[in-house]
Structure formats: structure tokens, C-alpha cells
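Chemist: Dropping a structure here in C-alpha cells format, bear with me for questions.
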Amino acid sequence: MPLPDEAIFPHATGAASETVAAHQEPQELIFHAGWFCPYVQRTWISLEEKGVPYQYKEVNPYKKEKHFLDINPKGLVPAVEFQGKALYESLVLCEFLDDAYPGYKPSILPGNAYTKAYARIWVDYVGKAFVPAFMRLMQAQEREKRDAARTELYEALRKFAAQVKGPYFLGEEFSLVDIAIVPWITRDYILAEHRSYSRQDVSAEWKRYAEHVEQRESVLKTKSDKYVDIYGRYLRDEAQSEAAKAIRAGRAIP
């Protein structure tokens, strides 16, 4: 029996569909992506920020065809082919773009060694504290579990927001820290509609930051308008993504 996620809407919509259409010509870098995936959006934002030439190829990671599994044996998007070699993992790819295309600006990590290390600490925090809490709230079915997950999420976001220098996390420059978290900001309207989440209830600082970072041009250009279609499965705790299965089992997201 096919997995329910195999029947997801097959392509990006809204502004993201225009971005996809503009990146169909063959390039040195091939970007294997799933339009709905927040991890994909991280790398996609980095590509758009830097203006790196790339060819976009849509993948349904729930129908793992051989060529894609050859590129990424984990079967997860995003992945890239670069000069005939494959790489994957969203944040690794973001940093790779800085290293592989040093002439394309802006850099997504600061040049100062201390600030770069500081940024990586907070990128790690997003992955370990924020994203799991977001997903737990999304997937929770019982009221008590939803309340506990919402409290956990709010605490994680308040800690993050308290460190925002403004208007972006590190100050005036948009960086990997912002890229790491903003795909979930563009999807938090689903929590607002279905899980009693409110940016204002987190803090005024969080609301101000979220409203600013989601309007970044690279974010808008990689944003679709049909996320709720796929996230309905998460809201019912039926999704079969590796992230959903990990949350369901109480494991770390792979």
C-alpha cells in the first residue's frame, strides 16, 4: 500500500513556483529539492541569497527513485550534485555554498572567527531545542501533550529571541542563524490556526523578529502557499517523514 505522503502536491506554488521556473537550465550545481520541506528551504534560501547558479530538480522523498538514492542513501532532501559529486544535509550544504562559491556574496556566516563560532552555537540550538518542540506541538493529539509542547516551544523561542541583536539575529547582517529557523517561521501560521500558538504570547521580541525575517526577499522567493496540505498529515500525526517518525518515537530528528 503506498504511503499517504506519496500523493503530496507535486510542485511548488506561489512565488516559489516562479523561482523554480527560473532555475531549470543545466548548471554545475544541481539542487534536489522538495518544495514543501523546511530543510530544503534552508539551502534554497542560501542559494538565492548568494545568487549561485543552480538547476532545481523536484523530488518526492517518499518515492525514492534509484538516482536520488545514489545521491543520498538516506533518501532525504535537500541534496546537491556538484561537479559530479553528491552532498546532503541542509546546514552542511549552506556552509558548502560559502566555501565553494567564495566570490558570491553575501556570505552566510560572518568572517570573524568568534562570531562564526557563536552563530554555529545558535544554529545548533535551533536544531536541538526549537525544531523538535515545534514538531511535537504539531503532532500532539491530546490536549495535555499539546499544552506541554507549546510551553516547551515558547521557552525555546524566548531564549532565542532574548539573544536577537536586531533586526536579524546577529544584527544588521542576515546569517545562517536566521536561515536555520525562518522556514519554520513561514509555517507557524499552521500552529496558530490549529494549536493555539501565538507569536505575541511568546514575546514582543519574538514577534518583531519573526515578522521581519519572514519578509526577506530570499525567504519570500522560496515560499509556497500550500503548506497546510502536507502539514495536515502532521496535525493528524499520520505523516511518514523521517522527522515525523522520530518525534513519534521520541528520538532525535535525523
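The values are calculated or read from the model by the stated rules, or taken from the named source; none is laboratory data. Being a predicted model, the structure only gives us computed values, none of them experimental. For neighbour counting, all protein chains shown are included, and Cβ atoms are generated from backbone atoms with ideal geometry for every residue, glycine included.
Chemist: From the set of residues in the stretch 37-79 that are at negative phi and of a type in the set (Gly, Ala, Ser), which is modelled with the lowest pLDDT? Working first, answer last.
Modeler: Let us first name the residues in the stretch 37-79 that are at negative phi, namely 37-50, 52-74, 76-79.
The next check asks that each one be of a type in the set (Gly, Ala, Ser); those that pass are 46, 79.
On the way: Ser46: 98, Ala79: 95.
Filtering the stretch 37-79 for residues that are at negative phi and of a type in the set (Gly, Ala, Ser), the one modelled with the lowest pLDDT comes out as Ala79.
Chemist: Does any residue in the stretch 195-206 that is more than 23 Å from Gln139 (Cα to Cα) come within less than 8 Å, Cβ to Cβ, of a residue that is part of a loop (DSSP other than H, G, I, E, B) and at pLDDT below 95 six or more places away or on a different chain, and which pairs are these?
Modeler: The qualifying pairs do not exist here.
Chemist: For residues that are surrounded by fewer than 19 Cβ atoms within 10 Å (Cβ to Cβ), touching a helix residue (DSSP H, G or I) at 6+ places or on another chain (Cβ under 6 Å) and part of a helix (DSSP H, G or I), tally how many sit in the stretch 191-220.
Modeler: Residues flagged as surrounded by fewer than 19 Cβ atoms within 10 Å (Cβ to Cβ), touching a helix residue (DSSP H, G or I) at 6+ places or on another chain (Cβ under 6 Å) and part of a helix (DSSP H, G or I) within the stretch 191-220 amount to 5.
Chemist: Looking at (1) surrounded by 13 or more Cβ atoms within 10 Å (Cβ to Cβ); (2) more than 17 Å from the chain's Cα centre (by Cα); (3) more than 22 Å from Thr13 (Cβ to Cβ), which one does Ala246 not meet, given that it meets all the others?
Modeler: (2)
Chemist: I'm told Trp44 meets every condition in (1) part of a helix (DSSP H, G or I); (2) without any contact (Cβ under 8 Å) to a residue 12 or more places away in the chain except one. Can you identify the failing condition by its number?
Modeler: So the condition that Trp44 fails would be (2).
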